[in-house]
Amino acid sequence: MTCTRLVGFNMYCPALASWWRTACLLVALCLLQGSFPTHARATALELRDDLLSIEAWSAVTVLPDPTGTLLVNDVLAELARFQPPPGTSGTLGVRAEPVWVRIPVTVPVASNGLWVLDIDYPVLQRIEVYLAADGHVTQQATLGSLQPYTQRPLRSRTHALPLTMLPGHAYELLLRVETRGAMVLPITLNKPTTWHSKALNEQMLQGILTGLALCLLIYSLAQWLNLRDVLFIQYALLITGSLLFSLHLFGLGTQYLWRDMPWMELHAASLAALTATCGSFLFISQALAGDRPRSKLLRSMRGGAVLCVVLAALYALDLLSTRAVTGIVSILGLVPALMGIPGAVRRARLGDPVGSTLLLAWLVYFLATATVIGVIQGWVPVNFWTLHSFQFGATLDMLLFMRVLGLRTKALRLEALDANRERDVMRSLAHTDPLTGLPNRRGLNISLASALSRCSAEKMLAVYVMDLDGFKPVNDQHGHDVGDELLVAVTRRLQGHVRQSDLVARLGGDEFVVMAGQLQSLQQAQELGHKLLDAFRSPFSLNNVQVEIGLTIGYAIAPHDSTDAIGLLKLADAAMYSGKQGGKFCLRRNTGDLALSSA
């Protein structure tokens, strides 16, 4: 997100800076002022070998070149015209015209005269370097992001040039800087070993931050493939734009990705900013209004994302100028956050961590952007922290947005658990008797079909269909409440007299079924039936009412009597009916003969 503001101010958009001025000055005055030395009258830098690295800004003077016609000989003849730079250390702000920078240096007799000039702002487009002594140029080179990488004196991400000077001499180091963006000039003179060490440290830092961004990108893509949640691919788009802009700003893109590709060097910043802005529109809208697919916020934000895609296509085809695109992006980059703030505040007030996380991310975004714009405009001094404020802020933003993804994943998981629980409840209602909690006819059929597939002559399955004797008089005399309580008591008694592996079901009314598997003999099946009968010889005590009921049981055995679930139940039911007709409170087995006689 920060890159969408930075790219605009970095490329001729000073008209938009007015409303940011107060915020940036407050950041600069409250956090940075007093931490850096003020600019004094320029004096020559003494390049002592024991100093290893020297900040050059204390010796810098500048000479604007509005017409762009000054040559090095003209400048050497007019050194008195150079003036101390306005503003703060390390930056000349946004300038349309070329600027000459003068750094007088002296080389002690004890020095070996070997130094490396380093300008650690890779997006400067053209830097002409002249080293002069006694009015004559002794060394010159052309640096800048638009110069072929393979032709750089030192192939590094920054603009670096090895200087060779004679001990005991004084030199004028002259730089002609020309760029379409901000003239941020963190200039240092370093001993070669020190420069290599600093370059290595910076490469390690960039590697860590870039690696973190790539890990977040890969994670988001993997989660999208796994969950198919569009929020993850939108986050990937956002982080891709931010990562590409960071690679461009810190020179890693030129160093590793688009080496010797001037078109990419000119277009990378704006295309990356448009990509990040498009991702911001989609991500923020989905995070805040994803559960309301027809919300006005979602439609408006998607319209902004489409606009970014159109602008990117036109810019890639060079139908829009860089100045026009950066001006548009400077305004457009703020829109997702501004549109999202009311929704985020609303969620934060409701205790939703998504809202508070987004608000914290936007606060980080504001502070990082204000610092970077302050550097670009020349209001804030350049040092390690201010120069890297964009990258650090963008990284923290990405981590905060990752928290939003984590919260979204947690919400999806909870929704899935709720859906599973609801499915289980519906399944239970469909397969369970609501009064007793026993499986109903549908639940029994499923269990019976499964058990029949495992039964054999050595592991038989018995199905007992039973009907209560005398239940209707109890129900009529004492009421349905007592009748229901009796059915629950019958359930408990049946469950107490069967094995844990056996199943008790209620088919409806006062009709129950017991399914017993893993029986090794017909005698064992008969004994279990008698055990169930004996369980009903004692009365039931219900709310100070004692009732006596009996039980009539008919049973069939698989695979001897039948191997079909429906057939087995019919045989057992016919046996139970026969027992009812023959005097009740008895146990009968149906081997098929009863069914034939009934037919």
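Can you find a residue that is charged (D, E, K, R), out of contact with any strand residue (DSSP E or B) (no Cβ under 9 Å at 6 or more places or on another chain), surrounded by 14 or more Cβ atoms within 10 Å (Cβ to Cβ) and in contact (Cβ under 8 Å) with a residue 12 or more places away in the chain anywhere in the range 102-119? Looking for residues that are charged (D, E, K, R), out of contact with any strand residue (DSSP E or B) (no Cβ under 9 Å at 6 or more places or on another chain), surrounded by 14 or more Cβ atoms within 10 Å (Cβ to Cβ) and in contact (Cβ under 8 Å) with a residue 12 or more places away in the chain, one finds none in the range 102-119, hence no. Which of the residues that make up the range 421-435 are under 19 Å from residue 447 (Cα atoms) and not in a helix (DSSP H, G or I)? 432, 433, 434 - these are the residues of the range 421-435 that are under 19 Å from residue 447 (Cα atoms) and not in a helix (DSSP H, G or I).
In the condition set (1) of a type outside the set (Gly, Ala, Ser); (2) within 30 Å of residue 230 (Cα to Cα); (3) not in a helix (DSSP H, G or I), residue 382 is compliant with all but (2). Among the conditions (1) in contact (Cβ under 8 Å) with a residue 40 or more places away in the chain; (2) more than 26 Å from residue 92 (Cα to Cα); (3) assigned by TED's automatic domain parsing to the domain that holds residue 413, residue 192 misses just one, which is (3).
Evaluation of residue 566 against the conditions (1) hydrophobic (A, V, I, L, M, F, W, C); (2) closer than 18 Å to residue 440 by Cα; (3) surrounded by 14 or more Cβ atoms within 10 Å (Cβ to Cβ) shows that the sole unmet condition is (3). Considering only residues that are modelled with pLDDT of 85 or more and out of contact with any Pro (no Cβ under 9 Å at 6 or more places or on another chain), which ones fall in the range 398-409? Result: 398, 399, 400, 401, 402, 405, 406.
Note on the range 336-357: among residues that are of a type in the set (A, V, I, L, M) and over 16 Å from residue 297 (Cα atoms), the one that is farthest from the chain's Cα centre (by Cα) is 350.
Any idea which residue in the range 143-163 is nearest to the chain's Cα centre (by Cα), counting only those that are crowded, with 16+ Cβ neighbours inside 10 Å and assigned to a strand (DSSP E or B)? Residue satisfying both the conditions and the ranking: 159. Selection of the range 135-177 for residues being in contact with a His (Cβ under 7 Å, 6 or more places away or on another chain) and over 17 Å from residue 102 (Cβ atoms) yields only 144. Take residue 245 and decide whether it is more than 30 Å from residue 185 (Cβ to Cβ) and touching a residue at least 24 places away in the same chain (Cβ under 8 Å). Judged against the criteria, residue 245 is not a match.
Results for (1) touching a Phe, Trp or Tyr at 6+ places or on another chain (Cβ under 9 Å); (2) among the acidic types (Asp, Glu); (3) at pLDDT below 90; (4) in a helix (DSSP H, G or I), shown as yes or no for each residue.
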| position | (1), (2), (3), (4) |
| --- | --- |
| 235 | yes, no, no, yes |
| 242 | no, no, no, yes |
| 246 | yes, no, no, yes |
| 256 | no, no, no, yes |
| 272 | yes, no, no, yes |
| 276 | yes, no, no, yes |
| 283 | yes, no, no, yes |
| 287 | yes, no, yes, yes |
| 292 | no, no, yes, no |
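For the condition at pLDDT below 90, farther than 15 Å from residue 272 by Cα, touching a Leu at 6+ places or on another chain (Cβ under 9 Å) and buried (at least 18 other Cβ atoms within 10 Å of the Cβ), what is the one hit in 373, 328? Steps first, please.
Details: 328 fails: farther than 15 Å from residue 272 by Cα.
Unique residue meeting the criteria: 373.
Can you tell me which residue within the range 186-231, out of those that are of a type in the set (Ser, Thr, Tyr) and in a helix (DSSP H, G or I), is surrounded by the fewest Cβ atoms within 10 Å (Cβ to Cβ)? So that I can check it myself, show each step before the final result.
First, pick out the residues of the range 186-231 that are of a type in the set (Ser, Thr, Tyr): 188, 193-194, 197, 210, 219-220.
From the residues that got through so far, the ones that are in a helix (DSSP H, G or I) too are 193-194, 197, 210, 219-220.
Numbers: 193: 11, 194: 18, 197: 14, 210: 18, 219: 16, 220: 25.
Only one residue tops the list, namely 193.
Can you find even one residue in the range 195-207 that is touching a helix residue (DSSP H, G or I) at 6+ places or on another chain (Cβ under 7 Å) and more than 26 Å from residue 66 (Cα to Cα)?
Filtering the range 195-207 for residues touching a helix residue (DSSP H, G or I) at 6+ places or on another chain (Cβ under 7 Å) gives 206.
Going one step further and asking which of them are more than 26 Å from residue 66 (Cα to Cα), we end up with 206.
So far as the range 195-207 goes, yes, one or more of its residues are touching a helix residue (DSSP H, G or I) at 6+ places or on another chain (Cβ under 7 Å) and more than 26 Å from residue 66 (Cα to Cα).
Check the range 449-467 and report whether any residue there is in the same structural domain as residue 542 (by TED's automatic domain parsing), over 17 Å from residue 562 (Cα atoms) and crowded, with 20+ Cβ neighbours inside 10 Å. Scanning the range 449-467, I find at least one residue that is in the same structural domain as residue 542 (by TED's automatic domain parsing), over 17 Å from residue 562 (Cα atoms) and crowded, with 20+ Cβ neighbours inside 10 Å, so the answer is yes.
The values are calculated or read from the model by the stated rules, or taken from the named source; none is laboratory data. On a predicted model such as this, the values are computed, not experimentally measured, just so you know. Glycine gets a Cβ as well: all are built from the backbone with ideal geometry, and neighbour counts include every protein chain shown.
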